[in-house]
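> Okay, handing you the structure first.
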Amino acid sequence: MASHFCISHSFLFHNHQSFPSSFSSSSSFSLHSFLFSNVTYERFTLLSKASFHHPNNHAPHQEAVSRDPDTNSSSLSKSRFWVNPSRPRAKHIRTKSSSSRYIYLTRLAESLNSCTPTAQHVSTILKGLRDNVSESDAVFILDKMVNSVTAPFVLRYFLDKIKPSGDTETVLFNITLKAFRKSRDFEGAEKLFDEMIQRGVKPDNITFSTLINSARMCSLPNKAVEWFEKLPSFGCEPDAMVYSAMVSAYAQTNNVNMALSLYDRAKAERWTLDASTFSSLIKMHGVLGNYDDSLKIFQEMKALGVKPSVVTYNTLLGGLFRARRSWQAKNIYKEMVTDGVLPDFITYSTLLRIYAAAQYSDGAFGVYEEMKGQGMDLSVDLYNRLLAMCANVGCIDEAVEVFEDMKSSGTCQPNSLSFSSLITVYSCNGMVSEAEGLLNEMVQSGFQPTIYVLTSLVQCYGKAKRTDDVVKIFKQLVDLDIVPDVPFCCCLLNVMTQTPKEELGKIIECIEKANKQLGSVIRYLVEEKEDDGNFRKEISELLNSVDGKVKKPLCNCLIDLCVRLNEPNRARDLLDLGLTLEIYKNLQSRSQNQWSLHLKKLSVGAAMTALNVWINDLSKALESGEDLPPLLGVNTGYGKHKYVSDKGLASVCESHLRELNAPFHEAPDKAGWFLVTKDAAKSWLEYRSSTESIADLNFQVSGGSTLAVQYG
DNA sequence: CTAGGGTTAG
């Protein structure tokens, strides 16, 4: 079959799409310059103009191609020399007549793609070819078809005109199937297959791989499997190409066993799988949450000498995002750059999502600048992720800059979430007038305040000790028919820790309206009622009634309030209750070498309460003759959650330890850890119990655990 | 090279 084709035009039979990407992007060879240099290009331009300016512009295509400009020239198949266009000699061999024939056939295909899909219209256009129709002309035109409605008419015309051999019939049907793939018409492709069988034309592996890939591209991977299973019944034995398509199809359906068994077979038979097949496998493991398996495939791929593509790297990064393994992203990106693979929009946006989610602000802003530098437009979602990160880590100036960039981007405008995030930034920093100003702008832009915005404003006014404005916001919430949620209530509780005693009543009234159960608990606390045993029960019921995600923030707020009301024993009871209900887990741990206290994700009040409990437990251990391990440590985390308190948990903990004269020191190599050796701890604990000094919970509870609730 | 290859983030 191949010998029939004019090899000098083998490249012409392909559009750009069907070229391997490495080829079309490489500077050593350009199809475009090959086709459209000098004479060819001028001719093409003239033809385009002629058709464009034709007075009967209702059917310019038909007019432009109605006559074969090269009737006497040989058909494409007749010139029989092999030309490698990447070699300089190629350009001498191109002839004027073959170029114009190419252009003529191209324009014929174009008009076929846009004509009325009837046998009559199709044959009218194809009559321009006269009787001068070769198999290769048919192949060329069919290959250019993108319209799956017209393509079968074109096919039937050629079958009728050429009366080809059985093998050639298969070829022509296969090429026509590609038009269905291009227009994502899988049902049509199946119908064409039926027609093929009815005419007694034998399908081959190319038929099946085209069908399988069509099914995949139409998001019908199950259809791909179905056709793969049908293949033997048509007397075909699948080859490397079919297996390759099927590895991807099985991967797409998350059928790990089948995908991997075909993959193993490919390796055993030494079939070359390309980067995209590997990418499918990498993605399969990634979406199933098995990033390590993704990485294994990636390593195998490199070991087999297959060069990872941008898609491969993007897929890996996607897996990292899903698995929340932000710390590995930088290395993958580095490897990509070292490998000479150019990052694209998806690379950057995935990196940005990873970094923003991990609150790695330097990384996120770095990617942001890189994208801007490359002239890439960020989506609303990406801007919002940046803004949300700013709110979490406390970047004020950067947040304002991102917001302004967004407004002047010309491609997207801030939405409700964008406003909400920046209002949060202002509120957390007590920037009342800025927050109010932005709220106005938000409303003027047509967005209603959301519960998130109102929560932030409560926070903002609470910080500014403007109790009446807090109440005003609560009224607004009620007027907007928004149901107060637990984070909102937590925010009110948090405001209470900053409100002068004489004004507490105003906030409590809001809480009672927002959540009756919580209101009664708060009354209990504030009015310093004696615990008649119902208190613990009531709080248990409250904590059990709320959603799992907000149990800890609520418990944190309640403990903070106890501390603020100078009720350390109640704070302890609540911490104990939190442990019983498994709201707090593994606060203390003991290994042979080290005993530790883990304070991450606790509010300041809860953390200091837990610290005091731990110190007491250490004293008890000593008193009962237990031996201490070589090292004792407190882990506060190096939290970037700036708003958990003004100073951050680490520094509050540090100053509290200093007040207790506890000889802990910040670990130089482990951020967020305060350590003490056995001997130092021992002498301090012994001295402490001898003086019976009971540490005051004399520390400040301020800032907002609310934000940890909203975004934590 | 021959009529067969796409894939990637929320």
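> Which value in nm describes the separation of the simple spin-label points at A:Ser433 and A:Val133, placed 7 Å from the Cα toward the beta carbon?
8.1 nm
> What list of ³J(HN,Hα) values in whole Hz, one per residue of segment A:357-374 in order, does the Karplus curve 6.51 cos²θ - 1.76 cosθ + 1.60 (θ = phi - 60°) give from phi, with Gly and Pro shown as x?
So the J values, rounded to whole Hz, are 5, 8, 6, 8, 5, 4, x, 4, 5, x, 5, 4, 5, 4, 5, 4, x, 8.
> Highest mean first, what order results for A:672-679, A:480-487, A:151-158 on Cβ atoms within 10 Å? Could you put the intermediate results ahead of the total?
Details: A:672-679: 17.5, A:480-487: 15.4, A:151-158: 23.6.
Peptide ranking by packing, descending: A:151-158, A:672-679, A:480-487.
> What part of the accessible area of segment A:484-585, given as a whole %, is carbon or sulfur when the probe is 1.4 angstrom? Can you show the working numbers first?
Details: 1990 of 4560 Å².
So the carbon and sulfur contribution to the accessible surface is 44 percent.
> Related question: How high is the relative contact order of segment A:155-314, in percent, counting Cα pairs under 8 Å that sit 6 or more residues apart?
So the answer I get is 14 percent.
> Take the Cα atoms of segment A:484-585, build their convex hull, and give its volume per residue in Å³.
Numbers: hull volume 8.8 nm³, N = 102.
About 87 Å³ per residue, rounded to a whole number.
> Averaged over all directions, how much area does the convex hull of the C-alpha atoms of segment A:567-608 cover when projected, in nm²?
Details: hull surface 13.1 nm².
Spelled out: convex hull of the Cα atoms, projected over all directions, averaged, 3.3 nm².
> When Rg is the radius of gyration of the Cα atoms in segment A:299-339 and Rh is its Kirkwood radius, what does Rg/Rh come to?
0.98
> Given a cut-off of 28 Å, name the pairs among A:Lys144/A:Lys202; A:Lys283/A:Lys551; A:Lys463/A:Lys620; A:Lys182/A:Lys330 whose C-alpha atoms lie farther apart than that in the structure shown.
Details: A:Lys144/A:Lys202 23 Å; A:Lys283/A:Lys551 35 Å; A:Lys463/A:Lys620 40 Å; A:Lys182/A:Lys330 37 Å.
As for pairs spanning more than 28 Å Cα to Cα, those are A:Lys283/A:Lys551; A:Lys463/A:Lys620; A:Lys182/A:Lys330.
> Would you please give the residues with an amide H less than 5 Å from that of A:Gln588, counting only those at least 5 places away or on a separate chain, with H modeled from the backbone geometry?
A:His598
> Let me ask something else. Taking the alpha-carbon set of segment A:263-338, what are its Rg and Dmax in Å?
Every Cα atom of segment A:263-338 included, Rg and Dmax give 12.0, 37 Å.
> Using the Karplus curve 6.51 cos²θ - 1.76 cosθ + 1.60 with θ = phi - 60°, what ³J(HN,Hα) values do you get for each residue of segment A:390-396, in whole Hz, with x for Gly and Pro?
Computed from phi, the couplings for segment A:390-396 are 4, 5, 6, 9, x, 8, 7 Hz.
> Multiplying the sequence separation of A:Val337 and A:Met217 by 0.36 nm and subtracting their Cα-Cα distance, what value in nm do you get? The partial results should precede the final answer.
Working: separation 120, 0.36 × 120 = 43.20 nm, distance 2.97 nm.
Result for the pair: 40.2 nm of gain on full extension.
> Give me Rg over Rh for segment A:143-217, both radii from the alpha carbons and Rh done the Kirkwood way, two decimal places.
Details: Rg = 11.2 Å, Rh = 12.0 Å.
The Rg/Rh ratio comes out at 0.93.
> Please give the net charge around A:Pro343, taking every other residue with its beta carbon less than 15 angstrom from that of A:Pro343, where Lys and Arg add +1 and Asp and Glu add -1. Mind showing how you got there, number by number?
Values: positive: A:Lys330, A:Lys334, A:Arg353, A:Lys372; negative: A:Glu335, A:Asp339, A:Asp344, A:Glu369, A:Glu370.
Here the charged neighbours net out to -1.
> Next question. Mind checking the log10 I(q)/I(0) for segment A:272-400 at q = 0.13, 0.20, 0.21 Å⁻¹? Debye, one equal scatterer per Cα, no solvent, two decimals.
Each listed q corresponds, in turn, to -0.53, -1.10, -1.18.
> Can I ask one more? For segment A:479-586, with every protein chain kept in place, what is the accessible area per residue (1.4 Å probe, Å²)? All intermediate terms of the calculation are to be shown ahead of the outcome.
Numbers: 5150 Å² over 108 residues.
So segment A:479-586 comes to 48 Å² accessible per residue, rounded to a whole number.
> Using the basic label-point model (7 angstrom from Cα toward the beta carbon), what is the A:Ile197 to A:Lys670 distance in nanometres?
6.8 nm
The values are calculated or read from the model by the stated rules, or taken from the named source; none is laboratory data. It should be emphasised that the depicted structure is a prediction, and the values quoted were computed from it without experimental measurement. Ideal geometry is used to build each Cβ from the backbone, glycine not excepted, and the neighbour counts take in all protein chains shown. The accessibility values were calculated without ligands, DNA or RNA, using every heavy atom of the protein model including side chains. Shrake-Rupley method; radii C 1.70, N 1.55, O 1.52, S 1.80 Å.
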